[in-house]
Amino acid sequence: MSQEVLDIIVKKITEQKGDEAIEEAKLNFDEPMIILDTKNWDVKTAKLLRDDPALAFDFLSCITGVDYEEHMEVVYNFFSTTKKHSMYVKVKTTREKPSVTSVESLWKSADYMERETYDLFGIDFPGHWNLRRILLQDDWEGHPLRKDYVTDKKALGLD
Amino acid sequence: MDLLYMVLFAVVVLLGLLGGVTYAILFERKVIGWMQIRNGPNRHGPWGLFQTIADVLKLLMKEDIIPAAADRKIFVLAPILAFAPSFTVFAVLSWSDTLYAADLNIGVLYFLGVSSMTMLGVLMGGWSSNNKYSLLGSIRGVAQMVSYEIPLVLSVLGVVILSGTMNLRGIVQYQDDIGMWFIIPQFLGFVIYLISAIAELNRSPFDLPEAESELVSGYHTEYSGFRYAFFMLAEYTYAIAISAFATTLFLGGWLGPAFLPGIVWFILKMCIFMFIWFWLRATLPRARVDHLMQFGWKVLIPLALLNIVITAVIKVWMGW
Amino acid sequence: MSIKTETMTLNMGPQHPSTHGVFRLLVEVDGETITKAEPVMGYLHRGSEKLAENFLYTQFIPYTDRLDYLNAMTNNYVYCAAIEKLLEWEIPERADYLRVIVMELNRIASHLVWWGTYLLDIGALSPFLYAFRDRDICLDLLNEISGARMTFNYIRIGGVKWDAPEGWVDKVKEKVKELRENIAEYDTLVTGNEIFQARTIGVGKLTKEQVINWGISGPLARASGVNIDIRKEEPYSIYDRFDFNIPTREEGDVFARYKVRIAEMYESLKIIEQACEQIDEGEIIHKKGARIMMIKPPAGEAYTRAEASKGEIGVYAVSNGKNKPYRIKLRRPSFVNVSILQDLLIGENIQNLVAIFGSLDIVLGEVDA
């Protein structure tokens with residue numbers, strides 16, 4: 001079942017973007033997972049995932065930023081309320097200038113979750129209507145969930 | 001001599017009222033406590049009897065805070081203006097056959113006229129605090145009190161038509177003469193009075209001006225210490241006044257079997273009337289402003305007018 | 001001639017009785033109509049996700065208690081389940097039953113808190129105290145098995161920490177009957193009340209499309225006719241062994257949310273009853289689960305989700321093979337659900353603000369992580 005979904009996803013995306021677009025496609029704990037580079041991830045691809053009748057990923061569950069030290073990743077967890085299947089999309093981006101196209105215009109649930117990822121990782125989401133810090137205060141320096149973030153214990157009154 | 005008597009009586013009534021308010025608050029807290037499966041106040045004195053006294057003492061010892069941006073003069077004046085009229089109306093109330101201050105032949109008019117001035121205190125308090133929540137609370141409060149003043153007055157008119165007098169003692173005597181309390185021929189009027197009185201007093205379910213979940217605490221958000229105590233005092237004094245008024249008009253005042261003195265009957269009936277409010281407060285959620293207004297203007301006022309018409313017809317045709 | 005009008009900015013919170021915590025809502029009102037609403041949050045941000053990276057896997061469990069502190073069992077569960085997924089461990093059957101019982105008890109407690117505080121928000125005082133009396137029944141039971149009333153730290157990686165004390169299961173069965181009677185009583189007290197219905201029916205309507213697009217989950221979604229409940233979608237733990245319904249309603253207004261939550265409490269009682277019947281003696285934790293230094297999931301990543309009382313709670317766990325998590329992402333339902341306020345409040349009357357806000361059932365510990 002999941003393998004079939006994965007095959008459809010791969011087929012549709014290669015049709016749209018060419019053979020090179022998907023870096024890796026596999027099953028992760030029995031759920032389809034595709035890994036893309038940020039230059040191949042845009043609103044058009046996202047729209048395909050949402051609007052294609054065979055895929056219909058209309059529910060965006062979760063957006064996760066991960067700092068892998070050599071590169072950064074944004075992971076999208078989609079779910080389809082009609083087809084009842086789910087998938088992972090991993091978008092790779094550089095560490096120096098992390099930037100991933102925003103899908104806020106397609107799934108409004110991305111609004112806060114992308115803001116949170118920006119807040120904690122400093123990943124830019126071009127296309128987001130209101131990309132500001134959300135959990136930390138506006139004048140916070142740095143992005144705490146990056147692996148090279150140094151906690152200033154003195155400023156926090158811990159030292 | 002007259003003047004001395006007047007002052008003396010006023011002081012006695014004031015002291016009685018302070019005691020009355022103290023125990024009205026305790027009564028309310030106890031009743032609501034039991035309805036909510038808890039004990040209510042029980043720490044100060046036996047049965048929590050000194051709880052309110054302790055509360056008042058605490059309030060009196062607090063620092064008197066006036067916000068810097070407030071309109072000082074009006075801010076100071078508001079609680080006094082809220083309290084004064086609700087106390088003044090006690091002049092015409094007659095506690096028993098012999099115990100009364102003024103035998104005014106326009107008692108009903110005096111009571112309604114003076115008591116409606118309390119809303120000035122609410123407006124001034126909310127306005128002068130310079131706080132959006134206070135302002136919203138006082139706007140709501142004034143709108144509500146003005147709107148419900150009308151059905152309140154209209155519901156009383158039925159009684160006045162039947163008894164043919166505006167003298168409060170005269171009304172009670174009339175009920176004695178016909179051997180029936182006005183609650184029976186004026187039941188509709190009584191119900192309208194009961195509902196409008198709740199709105200007039202800003203009590204639950206019509207406690208919008210001080211809805212704590214929406215407006216923090218409404219028009220007295222910025223008040224603390226004894227000024228706040230004054231607002232509370234005014235509220236409960238007015239509550240006692242309104243229930244005393246209802247007792248006089250609808251429940252036969254001090255009338256009752258002779259084994260208890262008149263004043264005891266009077267107070268008992270008042271307590272029953274107030275108990276209904278506490279009961280409602282423990283049961284009902286808060287109405288919404290627009291529903292409240294609609295209910296006042298579209299339901300209560302037509303009903304009150306209908307009541308007047310019916311009463312007039314009865315009066316003329318049946319010759320009561 | 002035109003009249004010059006001005007909009008007014010009303011700042012609700014961070015200290016306000018109806019925000020149930022430190023939360024700020026900036027509303028712009030034109031007369032009585034809301035034209036803009038902007039939630040401001042983060043006052044309770046503790047950096048849970050950052051903290052996770054510095055702890056052993058087991059040490060982070062108490063921190064999940066403090067996300068949605070009204071429904072901590074599910075938080076415990078979903079975190080442990082994510083790690084177990086990476087470890088590919090089999091959980092002893094008895095542990096699964098105990099997990100289900102405590103999670104459902106906790107769901108009832110959470111819904112009762114919502115029921116009480118929501119009615120307090122719209123001005124009814126007594127239901128709050130009734131609800132807390134019954135919530136205490138649930139909490140006492142949970143206290144007996146876990147040793148804590150709110151921050152349980154009970155569900156562990158590989159199973160649960162303590163076995164049920166003697167007679168506990170029978171006690172649960174008894175209390176379920178009591179709870180069922182009491183909840184029915186609340187239903188008669190409040191649901192038919194005219195004032196309550198006037199304040200809730202037709203207020204704060206959410207459409208099906210809005211729900212899906214904004215990622216809303218839980219009772220909020222089901223009140224708008226979106227029939228998703230992860231307990232049925234992808235039955236985790238042992239939920240596929242029980243017979244229960246997913247209450248849904250089509251109206252999408254505040255009243256529908258109220259009805260869905262009331263109905264859900266009955267369903268939870270049903271699940272608890274069945275679980276109490278089926279539970280057997282046995283192990284309560286995986287044999288490696290107690291050695292916390294040794295918990296080292298193989299490198300990999302997984303997203304695990306569960307149905308909390310507020311909606312879909314999820315954990316995205318990344319392991320690099322060491323004994324500390326590389327990255328833990330917490331998908332908190334309240335955080336996603338609260339974003340709808342920006343859209344939902346526009347055009348509403350300001351008097352409905354509290355009624356709508358309260359109906360979302362958010363917990364600030366969870367919004368801010």
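Among the residues that make up the stretch C:236-257, is at least one of them modelled with pLDDT under 90, closer than 29 Å to C:Gln342 by Cα and in contact with a Leu (Cβ under 6 Å, 6 or more places away or on another chain)?
Yes - at least one qualifying residue is present in the stretch C:236-257.
Examine the stretch B:106-127 for a residue that is assigned to a loop (DSSP other than H, G, I, E, B) and farther than 18 Å from B:Thr237 by Cβ, and state whether such a residue exists.
There is at least one residue in the stretch B:106-127 that is assigned to a loop (DSSP other than H, G, I, E, B) and farther than 18 Å from B:Thr237 by Cβ.
Of the residues C:Glu49, C:Glu6, which is surrounded by 18 or more Cβ atoms within 10 Å (Cβ to Cβ) and modelled with pLDDT under 90? Even if it seems obvious, please write down each step before you answer.
Details: C:Glu6 fails: surrounded by 18 or more Cβ atoms within 10 Å (Cβ to Cβ).
Only one candidate qualifies: C:Glu49.
Applying the selection to the stretch B:80-112, what residues are under 22 Å from B:Gly262 (Cα atoms) and aliphatic (A, V, I, L, M)?
B:Val89, B:Ala91, B:Val92, B:Leu93, B:Leu99, B:Ala101, B:Ala102, B:Leu104, B:Val108
Only one of C:Gly358, C:Gly300, C:Gly289, C:Gly321 is surrounded by fewer than 20 Cβ atoms within 10 Å (Cβ to Cβ) and away from chain A (no Cβ under 12 Å). Can you tell me which?
Working: C:Gly358 fails: surrounded by fewer than 20 Cβ atoms within 10 Å (Cβ to Cβ); C:Gly300 fails: away from chain A (no Cβ under 12 Å); C:Gly289 fails: surrounded by fewer than 20 Cβ atoms within 10 Å (Cβ to Cβ).
Criteria check complete, one pass: C:Gly321.
Given the criterion touching a residue at least 40 places away in the same chain (Cβ under 8 Å), away from every other protein chain (no Cβ under 14 Å) and either charged (D, E, K, R) or open to solvent by 50 Å² or more (accessible area, probe 1.4 Å) (or both), identify the matching residue among B:Trp279, B:Trp297, B:Trp254.
Result: B:Trp297 is the single residue among B:Trp279, B:Trp297, B:Trp254 that is touching a residue at least 40 places away in the same chain (Cβ under 8 Å), away from every other protein chain (no Cβ under 14 Å) and either charged (D, E, K, R) or open to solvent by 50 Å² or more (accessible area, probe 1.4 Å) (or both).
Can you list the helices (runs of 4 or more DSSP H) found entirely within the stretch B:168-251 that contain at least 1 residues being within 14 Å of chain C (Cβ to nearest Cβ) and not aromatic (Phe, Trp, Tyr)? It would help to see each step written out before you state the result.
Numbers: elements: B:168-178, B:187-200, B:212-215, B:225-250.
So the answer is B:187-200, B:212-215.
Would you call C:Ala256 more than 23 Å from C:Leu105 (Cα to Cα) and away from chain A (no Cβ under 11 Å)? Write out each step before concluding.
Values: more than 23 Å from C:Leu105 (Cα to Cα): no; away from chain A (no Cβ under 11 Å): yes.
No; evaluated as a whole, the condition is false for this residue.
Rundown of residues vs (1) at pLDDT below 90; (2) within 13 Å of another protein chain (Cβ to nearest Cβ); (3) not in a loop (DSSP other than H, G, I, E, B), yes/no style:
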{"residue": "C:Thr188", "(1), (2), (3)": "yes, yes, yes"}
{"residue": "C:Ile195", "(1), (2), (3)": "yes, yes, yes"}
{"residue": "C:Lys205", "(1), (2), (3)": "yes, no, no"}
{"residue": "C:Gly215", "(1), (2), (3)": "yes, yes, no"}
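From the set of residues in the stretch A:19-36 that are over 23 Å from C:Arg305 (Cβ atoms) and open to solvent by 40 Å² or more (accessible area, probe 1.4 Å), which is nearest to the other protein chains (Cβ to nearest Cβ)?
Here is the first cut: in the stretch A:19-36, the ones over 23 Å from C:Arg305 (Cβ atoms) are A:19-24.
After this cut, where a residue has to be open to solvent by 40 Å² or more (accessible area, probe 1.4 Å) as well, the list is A:19-20, A:23-24.
Values: A:Asp19: 26, A:Glu20: 24, A:Glu23: 16, A:Glu24: 13 Å.
Ranking the candidates gives A:Glu24 first.
Mind listing whichever residues of the stretch C:237-252 are within 30 Å of A:Lys47 (Cα to Cα) and touching a helix residue (DSSP H, G or I) at 6+ places or on another chain (Cβ under 7 Å)? Talk me through it step by step, then tell me what you get.
Taking the stretch C:237-252 as the starting set, the residues that turn out to be within 30 Å of A:Lys47 (Cα to Cα) are C:248-252.
Result: C:Thr248, C:Arg249.
Please go through (1) in contact (Cβ under 8 Å) with a residue 24 or more places away in the chain; (2) farther than 30 Å from C:Pro298 by Cβ; (3) in a helix (DSSP H, G or I); (4) away from every other protein chain (no Cβ under 14 Å) for C:Asp140 and return the number of the only condition it doesn't satisfy.
That leaves (1) as the condition not met.
Could you check the stretch A:37-50 and list, in sequence order, the residues that are aliphatic (A, V, I, L, M), in contact (Cβ under 8 Å) with a residue 60 or more places away in the chain and open to solvent by 10 Å² or more (accessible area, probe 1.4 Å)?
Within the stretch A:37-50, the first condition is being aliphatic (A, V, I, L, M), and the residues that meet it are A:43, A:46, A:48-49.
Subset that is in contact (Cβ under 8 Å) with a residue 60 or more places away in the chain: A:43, A:46.
Hit for the stretch A:37-50 is A:Val43, nothing else.
List the number of the failed condition for B:Phe206; all other conditions in (1) open to solvent by 10 Å² or more (accessible area, probe 1.4 Å); (2) more than 25 Å from B:Leu292 (Cα to Cα) hold.
Just one mismatch for B:Phe206, condition (2).
Go through the stretch C:120-133 and report how many residues are within 18 Å of the chain's Cα centre (by Cα) and open to solvent by less than 40 Å² (accessible area, probe 1.4 Å). Reasoning before the result, please.
Pass one, the stretch C:120-133, residues within 18 Å of the chain's Cα centre (by Cα): C:131-132.
Applying the additional criterion that residues be open to solvent by less than 40 Å² (accessible area, probe 1.4 Å) yields C:131.
Residues that pass the stated criteria total 1.
Residues that are in contact with a Phe, Trp or Tyr (Cβ under 6 Å, 6 or more places away or on another chain) and open to solvent by less than 70 Å² (accessible area, probe 1.4 Å): does the stretch B:41-48 have at least one?
To start, the set of residues in the stretch B:41-48 that are in contact with a Phe, Trp or Tyr (Cβ under 6 Å, 6 or more places away or on another chain) comprises B:44.
Subsequent filtering for residues that are open to solvent by less than 70 Å² (accessible area, probe 1.4 Å) retains none.
The answer is no, given that none of the residues of the stretch B:41-48 is in contact with a Phe, Trp or Tyr (Cβ under 6 Å, 6 or more places away or on another chain) and open to solvent by less than 70 Å² (accessible area, probe 1.4 Å).
The values are calculated or read from the model by the stated rules, or taken from the named source; none is laboratory data. Since we're looking at a predicted model, the values are computed, not measured. Glycine also receives a Cβ, built like all others from the backbone with ideal geometry; neighbour counts cover every protein chain displayed. Heavy atoms of the whole protein, side chains included, go into the accessibility calculation; ligands, DNA and RNA do not. Shrake-Rupley method; radii C 1.70, N 1.55, O 1.52, S 1.80 Å.
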